[in-house]
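Taken together, the values in this text are just the output of simple stated rules run on the coordinates, not laboratory data. In this text, all values refer to a predicted model and were calculated from it rather than measured experimentally. Neighbour counts run over all protein chains shown; Cβ positions are idealised from the backbone, glycine included.
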Amino acid sequence: MKKTNQKTLEEIIRVDHAGERGAIKIYEGQLLALKTIKQDNNLKDKIEEMKEQEKEHLEYFEKEIQKRKIKPTYLLPLWDLMGVSLGFGTALLGKRATLLCTASVEEVIGEHYKNQLKKLGNDEKDLKKKIEKFKEDEVSHKNIAYEFGATNKGLYSIMDKIIQTGSRIAITISEKI
Ligand SMILES: [Fe+2]
Ligand SMILES: [Fe+2]
């Protein structure tokens, strides 16, 4: 069957590497707030659990980026800063905002992984399998967030849109540079 386009493949790995790293940075920002000014042990434990899975995701893409000699995005330092700020900021706003942040980002990432799966050919079976698995993890993060009290009603709907749009922009940029 169809073979994966080489340029597309590079873009996929570059952006996923950046995204998984971004996810960890967001959680780090949230954990920083949850351990200090917004102490909440329950929420902290949940976030830590999800962060562990993001680490597994990132490790995989770190290896792929090295193995295939793909350039990571130039914007890693910017995404690091923005990720931590987004995490810290949402955690300061409270539990619902903290969880909505996860829900909004994962909404976009779930879709993003689904689109990537369509672009990968049969010559990239392992990568496909991993992305399939990670997609399931991200969808479950989104579900956990809503179960634990995320909401996108009322004013939160604005926040949801801002985070989703921001994430989509970050994805488009990180594929290219
Ligand atoms: Fe992830
Ligand atoms: Fe996730």
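Listed values, structure above:
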quantity: The stretch 1-151: relative contact order as a whole-number percent, Cα under 8 Å and 6+ apart; calculated: 34 percent
quantity: Förster radius 41 Å - calculated FRET efficiency between Ile169 and Asn122 (Cβ-Cβ, nearest 0.05); calculated: 0.85
quantity: Relative contact order %, the stretch 19-89, counting alpha carbon pairs below 8 Å whose residues are six or more apart; calculated: 59 percent
quantity: Trypsin sites (Lys or Arg not before Pro) restricted to the stretch 1-102 and DSSP loop, no more than 14 other C-beta within 10 Å; calculated: Lys2, Lys3, Arg68, Lys69
quantity: The stretch 124-175: trypsin sites (Lys or Arg not before Pro) in DSSP loop, at most 13 other beta carbons within 10 Å; calculated: Lys153
quantity: Cα-based shape type of the stretch 56-157, given that a ≥ b ≥ c are square roots of the gyration tensor eigenvalues and the cut on a/c is 1.5; calculated: oblate
quantity: Cα→Cβ-extended label distance, 7 Å offset, between Lys133 and Ile37, nm; calculated: 3.9 nm
quantity: Relative contact order of the stretch 104-151, defined on C-alpha pairs under 8 angstrom at six or more residues apart (%); calculated: 52 percent
quantity: Cα-based convex hull volume of the chain per residue, rounded to whole Å³; calculated: 100 Å³
quantity: At most 14 other Cβ within 10 Å, DSSP loop - chymotrypsin sites (Phe, Trp or Tyr not before Pro), the stretch 1-97; calculated: Tyr74
quantity: DSSP H segments from the chain that extend 18 Å or more along their own axis, Cα-based, with Kyte-Doolittle mean of 0.0 or above; calculated: 76-93, 156-176
quantity: Pairs of alpha carbons in the stretch 22-103 whose separation is greater than 17 Å (percent); calculated: 48 percent
quantity: Residues Ile70, Ile162 arranged by fewest to most Cβ contacts within 10 Å; calculated: Ile162, Ile70
